[in-house]
Structures are given as C-alpha cells and as structure tokens.
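The values are calculated or read from the model by the stated rules, or taken from the named source; none is laboratory data. Keep in mind the model is a prediction, meaning the values are calculated, not measured. Here the Cβ is made from the backbone with ideal geometry for all residues, glycine too, and neighbour counts use every protein chain on show.
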Amino acid sequence: MYSTLTPQERARVALMRFGLGPNVNGKKNLSASPHAARQALLDEIAAGPARISEAEIKVPSTDQNDQKVSFTFPQTCRYGMNLRTKPVPASSTTEVPTEGVHNYVRPTPWDFQSAERALRLVKYQEPEVGFVERLVLFWVNHFSILSSKHGIIAATAGHLERTVIRQHVLGNFADMLKGVIKHPAMITYLDNHVSYGPTSTLGRRWKATYNENLAREILELHTVGVYGGYSQNDVIGLAKIITGWTIYPYNNGNAGQFYFNKDLHEPGAFTVIGKEFAQAGEAQGTAALEHLAIHPATAQHIARKLLRHFVTDNPTEKMIQELADAFVVSNGNLKAVSTALVNLDSAWIKPGTGIRRPYEWMVSIVRGVGFSGANAMALEPAFDIINTNMSNQIWKHMTPDGYPDDNYVWETPDAVRVRKDAAGHLLATGAVWKDPKWKSQKPSELAKTLVPHLSMAAASAIQKLDRDPMQALNLLFVTPEYLRR
Amino acid sequence: MSAHDHDLTQLDSRIVASAAEGCEESKLLLSRRAALGLSAGFFTWAFTPHLAEASSSDPRLLIVLLRGGMDGLNVAVPIGDPQYAKLRGRLALVKENLLPLNSYFYLHPSLAFFKTLYNAGQATIVHAVAPPMKNRSHFECQRNLENGTPGDKEDRTTGGWLNRLLSKLTPADRVKAGALQIGPTPLILQGTEKVLSWSPTLWPRPAGFDTSLLNLYKSTDSALYDLLLKGITANSLATSTSGPALSPDASSLQLSFRGAAKLLGAPSGAPRIAVLNVEGWDTHVGQPQALAANLNNLDKSLSDFTAIAKNSGYWNDTVVLCVTEFGRTAKGNSDNGTDHGVGTVAMLAGGAVKGGKVVANWPGLSNLYDGRDLRPTYDLRQVFKSVIRSHLGVQDKKILDEVVFPGSSLISALPELIRT
C-alpha cells in the first residue's frame, strides 16, 4: 500500500516498477518529499509521450556508402514490400523490383527496424522516470507483432509504434485500436490482407473466403479478452466485417499502405457480441471496433493486464474493478486510466519483489551508464542480440499474445545466469571502460548515486572492484536492487 | 534471427494466376505465416525423482510441444481414406511421394529418420487425437494441453500437469535439485516443484566474477542465490563435451535437442524429464514449404538426440513424445494453407516405445467434427496417461485421475504404446 511505504521505497517503486530505472542524468530527487515519486509519474503523464518524427529515423541509403537518410512512410512501405525505389529525389523514382531470397539492396526492411530501435535507445535516456515509455512498451506488447514474418511488418513496426501507439498512449483506446488494426504491420501479421468476403466481387471470382485470424485476436487479445463472452459466430461476424481491410499490392504506387478494398468486402449486416453492424463499407469495421473498444469486458481485460504488468501477477478483483471503472467512466481514455493506476494505493506494493523484465532492465543499464546519441545507437545490434537471447525483444514475440507478465516466466535459474552475462556484454559493447570519467570517479560512487538504498554488502562488493569499472558496473546492474522491482 | 528474417514471402500460385489476368488485388505479396520460426526452439527439463514404483530401469521422457497446431493430416496422411484427396485439394499429398506406414497411412517424406525408427519398432503415431478443449484457440488449447484439465468450462487453473506429477513422486536421495528449462517456462512444468534452466553461455564473465556475485546474493537475496547457483550447475552439466560426433552445421532446434540429450544422459542427480518447445506450426499460408521445413528440422533434431541417447546408453529407456494443441481444417483455405482445426497426431519415438504401428480409431473424413475438422477419437490425456503409467511407472489411479489430470477417471490410458 502506498501509505505504508517510505518516501525512499516509493522512489524505488516509481523507478523500478513503473519506470525504466535510475537516470544518471536525472535532475529530481524522487524521495525528497513524501509524494515526490508519485508526482514524478503524474508529471510525466502531464508532459505526454516523447514524439519521434519520421525525419529522425535514418537508414543506410544504399549498399555502396554509409550515408544514412530518412524516408517517407510511402517509401518505407515500398521498401517493406521489397520494391526498390531511388529515394532522392522522390519525383524521379525508378523502380527495380527484386525477387527471391537474399537478393536485397539496402535499405532492407530490417534496416528500418534497426534504425527505429536504435533511436529509442537515445529517447529512453531522456525522461526522469520513463513511465510513459513503459506505457508505450506495454501497448506495443498488447498489440504484439512479429516482424520476421514479412518485410512490410519489419519496415513499419516502428511507424506503428510512433504514429499509433505513442500517439494515443494517453489518448483514447478506441483510436489506438482503430489505428493498430488498420496498420499494414498488423493487417499483414494477422493475415487480413488475405481475407476475402466469400460473396464479395473478388471472393466470388476467386472462390475465396475470409480468414479469421485478425478478428479472433481482436476479440481474444486486443479487446474483450478470452473470457469476454464472445462465440465463434462473433469471430466470424467480425472477420466478415473487416474483410477488405487490406494493403495496396505490389503494382500500386502506394504498395504496402492500408486501404479499404470494397471488392473484397463481404456485403451485409453482421453481429458482434450482441450488436448488429449494418453500415456499408469501411465504416462497418470502424463502428465494430469502437463498440469493442469501450465494452465493459474490454475495460476489465485492460485493467487486469495493466495491473499484471505493472503491479502483481495476482491483482485483486477490487483493484481490477477500480481501474476498470476509470476506463468505463472515461470511455477508455488512457490518460485517465494511467493516472488511475498511479493513484491506486494498492498498486504501490513493497519494493524488492519479483524480477524486472529483461528489456526494461537492459534499458536501465543504458540509462544508468549514460550514452551519447551516437554511442547509444551504436549499441543497438548488441542490444538486439541480448534481448533476443533473453526472449524479450520487441517485435519478436512469436505469437500475438505478447510476452507474458507472470513473474515465474522471467525469474528462473538460467535467466539469472544470463542476466549477469548480458549486462557484461552490453557494457563491453559500449566500451564503458574507455570513459575518461573513471579517472576522477569510482564506480562505487556512481552506484550510490543511482541506488541510494544499495545494501552494505553490494556497496562493498562493488567497491572491491572499483579498479575494474567493467566488472564493478557489471555487478551493480545485477544487484538485487537493480534486478528486482 | 535466422535466414527467415530475409525470407520475404512465397507467392500464392492461384494469386499469381489471377495476377496474370490483370487483377490488381492478386498482386499482393502474400506471406508465409511465421511458420519457419523454428529457431526459437528452447527446452525445459525437470528432475524426476527416482520412482519408487518403477522397475530397475531409469526412464527418460522428452516432451516436445509443437506450438501453433500441427497439421496431422499431412504428417501421417490417410491415403486410404477416399475423402482425403477430395478435401485437401491441391494441398493433398500423393502416395508416391510419401513413406508407407501401413496400407492406409503414409508418412510425410521430411520425416525420414522417424521412419527408420518406425521400421525398427521404436516409433509410433497416434492419430485422430486432440486435447479435451476443442475451441481452436492457440492459447486456450495449449493451456488445456498443458494444465491437464477437462477444458469443459472457464478455467483459470494455473500450473501444469507435469509439475503436479513431479510433486507426487517420491524423491530419492540422489536427486534433489528440482527441474530445469531454457527460456520461458512452459505451463506444463509450472507449479510447486522448482524448475532449473539452461541455455548456452554466449558471453562468459571473467574468472572470479560468478563467485563474487554468488557471495553477494548469498548475503542479500537467498532466492537469487539459489537461482544463480542452479543455473551455473546446470550449465556445467549441459556443456560436457563427450558424446558422438555430430554435424557442426546445426539449427538452433538441433542444438536444443542435443543439449536435452546431454542433460538427460548425465548420470547422478540428473534430469530425467525434459520439455522442449518448437514454435511455428501455424500454417495458415503457404503450408507445403513451411510444414516440410519444420518436419525436416524436427527429424534432424530427433536424429541427433537419438545418437547421443544411444551413445550414453539410455536410448532403450527413452520416450520422446511430440504433441500439438490442435490439428488443422480438413479443407485447405484459399491461401494454400489450413486454418485452426481439432484432431491431429501425436508422435512417439524411443527405445521404450512399442512402435512400428499407427494407433488410430479412425473416424473417417466423411464424419468431420463441426463439419470441418478431423474428429478426434482419442483424448491426448490417454496418451499422456499411457506414458506416465507404463513408462514412468506411476500406477496410482488417484494421482492420475484426480491430481495430474483432474476429473479424468473416465479417460483411460491407451494400451500398447510402451514396451513393458
């Protein structure tokens, strides 16, 4: 309970449970006053998410040189579809489609993904606590996609995060949901681009029918949840409603971008969880998603998931209900819901339990050391390999349910063993020992700055390694104070 | 990620044909589902306490969870069923390209090593089988397969049946270390019994670092100390270099099977039960290539496992059991793939398997479940019970029917799967 925690404990909960860990360049003392930690979270909500613009994403322009340039979303989609275009100037576009496997020129779809990930290693270092970034990561996982399935997913995964999830992370859930379901990455991931209304113009011609995949996961995972009271008929109804939600094909100048194809859309009215949708065209799907987005079962599902992610594997029904009420009352406004989470006294549980997820913990190493923009981005390949190895890299979960929140999944003997290796590998990749600051500062001093509540045993163990900053910091980042939440 | 990061897609031949007619939509780049993601394989192992009721043998069990829903109809193909070719259409496999199991069922050609085991009487297929839950949801059906409940009502049961089984066995002195796994713990092993884990060490720490950290944990966090110590111990067991020479060019799934084989072969205080996940059987799109690649990788991995188990002298005490959460629709879909179905196969291999036969109470493809899927005539729990009773030697009906698989007193073990 919030009331039973000391200001120091509240600071720890704010950083390790709600945030991305201590920031070496942080400016606030989160335990300076009784409510400073909670206020810091509310301040970040008030400030809103960091915006990331298209122009900040720089990918290699060609195989021939290392020059990095930015691309527009339409260009990015074309690269995602493996359609080659000369990027500059856009008006003189020439196209050489390539075929087959391993026959790529840069930028590849995976270049876009790497660039997006690299830039985030810079952005993660900006906020004091990183609560809103954690919310972004929560929703990225909620709408889990697997980028290795298709180039268009890899190329646009970052765009989905920037322009939909980040955009609406403190907005309305309905807007986020609609944006995600219309995004080429999600359309392609869950096969809606190959879903055909059986009596639509093209469905008849091709004798093809709908594909249930996206509709099923919208109900089971994205909105009302598996116990949300839907049936197979609701799945089929929703699948038919969103037939025609697809992406432009190869031979179109807008290849890879979302569009509604009326010739694929199944005509007719269909019912989804007790409500009939008779609208024509794309509006039918929009209405169905808006219905699902504010459904009471969705409120319950989202509330439970938020609590399981940020607080405990076993939230009480009372906790769930309080958060679900905030969702219902605000019609699914995520700023209201996120604020309610922070203001929920029972969400502030005693620190030092459970284990932090590998990804957020890796980010906290970057924040704890502090890397300049270029140096942070240079960490990305290692960051990717390490997180993949720890089964927690974004856009790499195999199934649409996202990474699990259960603590037992992450707190295992091998996972603990791998953490120490992972921290060491990241520090080595970042060549942390080269930092001239170790001439005037000892790692044990940095440790006390970052973790004021560090145990005597840990402080002394780190101090013993002060002459070897790599090992000293390696130890710091796997102390219980850093690993636990 | 592996090469499939760069493997954009296959074009659907029907779409290609339509494209030739000038149909714009048909030029969409179709993708294979994430079906080639075998590289994500990881395994889990658990110590089996010495079984009080077992004979002098020292049984090993490797459970392979094929996640995504494997298409049993194209693994052990019912060539003898006249409906097969009709229903499957262009996805239908033809007898000439398959490996005969008997006059009715034929095996997918990518399972050549499995076939040699079958011929040697050390492998079998159980056909038209499914977990009790049949709602075609990956998550629900996987959960049901692993938690061992009847699946007939809303079920938030936590914990897996294999862990419950472990908790009921009698521990002997030589084994007390608990269980072991790589990566996320599958539900089947969750529960009160502690689980250990292993994965390859990619970035070793300088000498002395592990000791410093163990000492720190010992005085500050006994839970972390316990976990780290077990992790380090498991690693030294798993990285022993003895054994047969195997190809240096191995998939990560093969490496996982090899690690499992080493760990199961370790002599004293070693694991006797392992669980290994294989992702990527959800073949909605472009199934022929994806299924062949998956089966080929599985077959090679099984071959490596067998070589190590034989070399270590425990193959004759071994059962490898491959199960999946559901089968796939009897008809193909319009994307050269299949959608979520119900009935499928379970595959058993090992020196302890009474093999060389297909075990099926064949329902016929003219009698589909919900008019669309292979009708299951066996419950997967019947296979599990058979292995637990005849291989692990646990006969106690109360444990089997109420603890491991609650509410399953009417579900009987399938006979004749295990040599006794």
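Working carefully through the options A:Ser114, A:Ser144, find the one that is within 14 Å of chain B (Cβ to nearest Cβ), in a loop (DSSP other than H, G, I, E, B) and either among the hydroxyl-bearing types (Ser, Thr, Tyr) or crowded, with 22+ Cβ neighbours inside 10 Å (or both). Spell out how you get there, then give the answer.
On the way: A:Ser114 fails: in a loop (DSSP other than H, G, I, E, B).
When all the criteria are applied, what remains is A:Ser144.
Counting the residues of segment A:166-192 that are within 15 Å of A:Phe138 (Cα to Cα) and either within 14 Å of chain B (Cβ to nearest Cβ) or in a helix (DSSP H, G or I) (or both) gives 7. Within segment A:296-321, the set of residues being surrounded by fewer than 24 Cβ atoms within 10 Å (Cβ to Cβ), closer than 14 Å to A:Tyr227 by Cβ and not polar (S, T, N, Q) comprises A:Pro296, A:Ala297, A:Arg304, A:Lys305, A:Glu317, A:Ile320.
Please note which helices (runs of 4 or more DSSP H) are completely contained in segment B:205-296 and include at least 3 residues that are closer than 30 Å to B:Val75 by Cα and not charged (D, E, K, R). I'd like the intermediate steps shown before the answer.
On the way: elements: B:209-220, B:222-238, B:252-265.
The helices (runs of 4 or more DSSP H) meeting that bar are B:252-265.
The residues of segment B:364-419 that are among the polar types (S, T, N, Q) and within 21 Å of B:Lys168 (Cβ to Cβ), listed by number, are B:Gln382, B:Ser386, B:Ser390, B:Gln395, B:Ser408, B:Ser409, B:Ser412.
A:Ser330 - would you say it is of a type in the set (Ser, Thr, Tyr), in contact (Cβ under 8 Å) with a residue 24 or more places away in the chain and out of contact with any strand residue (DSSP E or B) (no Cβ under 6 Å at 6 or more places or on another chain)? Can you show your working first?
Numbers: of a type in the set (Ser, Thr, Tyr): yes; in contact (Cβ under 8 Å) with a residue 24 or more places away in the chain: no; out of contact with any strand residue (DSSP E or B) (no Cβ under 6 Å at 6 or more places or on another chain): yes.
Against the criterion (of a type in the set (Ser, Thr, Tyr), in contact (Cβ under 8 Å) with a residue 24 or more places away in the chain and out of contact with any strand residue (DSSP E or B) (no Cβ under 6 Å at 6 or more places or on another chain)), A:Ser330 does not qualify.
Being hydrophobic (A, V, I, L, M, F, W, C) and surrounded by fewer than 16 Cβ atoms within 10 Å (Cβ to Cβ) is the filter; apply it to segment B:221-245 and report the residue that is farthest from A:Ser455 (Cα to Cα). Break it down stepwise before answering.
If we filter segment B:221-245 for residues that are hydrophobic (A, V, I, L, M, F, W, C), which is where we start, we get B:223-224, B:227-229, B:232, B:234, B:237-238, B:245.
Checking which are surrounded by fewer than 16 Cβ atoms within 10 Å (Cβ to Cβ) leaves us with B:223, B:245.
On the way: B:Ala223: 16, B:Ala245: 49 Å.
Across segment B:221-245, the extreme among qualifying residues is B:Ala245.
One residue alone among A:Thr62, A:Thr76, A:Thr4 is within 30 Å of A:Lys335 (Cβ to Cβ), at pLDDT below 95 and among the β-branched types (Val, Ile, Thr), and that residue is A:Thr76.
Of all the criteria given as (1) of a type in the set (Val, Ile, Thr); (2) more than 10 Å from chain B (Cβ to nearest Cβ); (3) in a helix (DSSP H, G or I), the one not satisfied by A:Val418 is (2).
How about segment A:426-485: which helices (runs of 4 or more DSSP H) wholly inside it have at least 2 residues that are surrounded by fewer than 15 Cβ atoms within 10 Å (Cβ to Cβ)?
Working: elements: A:443-450, A:456-464, A:469-477, A:480-483.
Qualifying helices (runs of 4 or more DSSP H): A:443-450, A:456-464.
Of the residues A:Thr199, A:Thr163, which is more than 11 Å from chain B (Cβ to nearest Cβ), more than 21 Å from the chain's Cα centre (by Cα) and among the hydroxyl-bearing types (Ser, Thr, Tyr)? Explain how you work it out, then say what you get.
Details: A:Thr163 fails: more than 21 Å from the chain's Cα centre (by Cα).
From the options A:Thr199, A:Thr163, the qualifying one is A:Thr199.
Condition check ((1) touching a Ser or Thr at 6+ places or on another chain (Cβ under 7 Å); (2) farther than 20 Å from B:Arg328 by Cα) across all residues:
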residue: B:Gly80; (1), (2): yes, no
residue: B:Tyr84; (1), (2): no, no
residue: B:Arg88; (1), (2): no, no
residue: B:Glu96; (1), (2): no, yes
residue: B:Leu99; (1), (2): no, yes
residue: B:Tyr106; (1), (2): no, no
residue: B:Pro109; (1), (2): no, no
residue: B:Phe114; (1), (2): no, yes
residue: B:Gly121; (1), (2): no, yes
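In segment B:323-336 there is no residue that is under 15 Å from B:Arg60 (Cα atoms) and surrounded by 22 or more Cβ atoms within 10 Å (Cβ to Cβ). When the test is whether a residue is of a type outside the set (Val, Ile, Thr) and in a helix (DSSP H, G or I), A:Gly225 does not pass it.
When segment B:60-74 is limited to residues that are in contact with a strand residue (DSSP E or B) (Cβ under 7 Å, 6 or more places away or on another chain) and within 14 Å of another protein chain (Cβ to nearest Cβ), the one that is nearest to A:Thr399 (Cα to Cα) turns out to be B:Arg67.
When B:Ser103 is tested against (1) more than 22 Å from B:Asn277 (Cβ to Cβ); (2) in a helix (DSSP H, G or I), only condition (2) is not met.
Could we say that A:Thr201 is modelled with pLDDT of 95 or more and of a type outside the set (Gly, Ala, Ser) here? Here the answer is yes, as A:Thr201 does meet what is asked.
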